[in-house]
Amino acid sequence: MGYVNLCNVITDFADTTSILYIKQKNLAMTTTHTQQTESKFVALASIAAELYSVMTVAWGVSLAAKNAKVISAQSGEKGRGFQPITEFIDEIAQLAMTGVNEINNEALQLTKIAVTEYRNIDAYHRFDSVREKNSKAQYIKSMTPAMKQVEQNMQLSTKIFKKSLSNLTQLLETMDEYMLSARAIASVSRIVTSNAQEYSNQLKVVADDLDQAASYIKDKLSESYQHLNNVKMQTH
């Protein structure tokens, strides 16, 4: 009788240990995915925050370019060489503002996809937990189609997320190229302004503002790249 009781105790202990192990495993997996999702949200929000101020800076450069057009027109022949440059400066500023909007939209899209991805992963782990706890239940296999569907949804959301992540990377790279062009234009501008005589200082201020703005935006892009790398590290 004592032997039977001991066997029952051992069996109950084994069952309890098994259940605890499953719970701990599922909890650990859920916690990991929750942390990864939170890290993605923080990184994507940080990208939007880093580039928020870029809009103001780009708008300021665009306004300066328009003012420079007026100065160039007033200076006549002396400032004629600067007129085409003001067009380039304004175009770069407009491209920067458009680029920031596109980046923010892509970051928002990534956030939405991350939510869907997390929900699919969470649903799959819940199904898997029920299946492990009730492996001998009569109708446990009826869950299989639902699990397969959730698994397909997981794979699809991950694929879409990676594609959107690639788009965001490309947008940041394009913006970086714009800023390289902006700094090159600023250098040329300083040379051209030397021929504008009494208007030289006013036009030089525009060139300096463009160079400083481009440098500032490049710094923000660099920080955004770091946040983007954090997202990539959380994406498998």
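The values are calculated or read from the model by the stated rules, or taken from the named source; none is laboratory data. What you see is a predicted model; the values in this text were computed from it and never measured. Neighbour counts run over all protein chains shown; Cβ positions are idealised from the backbone, glycine included.
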Among the numbered criteria (1) without any contact (Cβ under 8 Å) to a residue 24 or more places away in the chain; (2) within 19 Å of residue 227 (Cα to Cα), which single criterion is violated by residue 63? (2)
So in segment 181-215, with the set limited to residues that are in contact with a Leu (Cβ under 6 Å, 6 or more places away or on another chain) and more than 21 Å from residue 95 (Cβ to Cβ), which one is surrounded by the fewest Cβ atoms within 10 Å (Cβ to Cβ)? 196
May I ask you to list the residues in segment 115-153 that are over 28 Å from residue 44 (Cα atoms) and in contact with a Phe, Trp or Tyr (Cβ under 7 Å, 6 or more places away or on another chain)? 143, 146, 147
Condition check for residue 156: surrounded by 13 or more Cβ atoms within 10 Å (Cβ to Cβ), free of Cβ contacts under 8 Å to residues at least 12 places away in the same chain, over 22 Å from residue 190 (Cα atoms) and among the aliphatic types (A, V, I, L, M): yes
Residue under question is residue 163, and the condition is that it be under 30 Å from residue 101 (Cβ atoms), charged (D, E, K, R) and loosely packed, with under 15 Cβ neighbours inside 10 Å; does it hold? yes
Per the filter on segment 148-198, residues of a type in the set (D, E, K, R), in contact with a helix residue (DSSP H, G or I) (Cβ under 7 Å, 6 or more places away or on another chain) and closer than 19 Å to residue 118 by Cα are 151
Whether any residue in segment 133-146 is aromatic (Phe, Trp, Tyr) and not in a helix (DSSP H, G or I) is what I want to check. yes
Residue under question is residue 178, and the condition is that it be at pLDDT below 80 and surrounded by 15 or more Cβ atoms within 10 Å (Cβ to Cβ); does it hold? no
In segment 205-222, which residues are touching a helix residue (DSSP H, G or I) at 6+ places or on another chain (Cβ under 7 Å), of a type outside the set (A, V, I, L, M, F, W, C) and under 14 Å from residue 65 (Cβ atoms)? 209, 211
Do the conditions hold for residue 48, that is, is it within 27 Å of residue 171 (Cβ to Cβ), modelled with pLDDT of 70 or more and not hydroxyl-bearing (Ser, Thr, Tyr)? yes
Name the single residue that is nearest to residue 46 (Cα to Cα) among those in segment 154-175 being over 14 Å from the mean Cα position of the chain (by Cα) and of a type outside the set (A, V, I, L, M, F, W, C). 174
Of the residues in segment 113-153 that are within 30 Å of residue 171 (Cα to Cα) and loosely packed, with under 15 Cβ neighbours inside 10 Å, the one that is farthest from the chain's Cα centre (by Cα) is 152
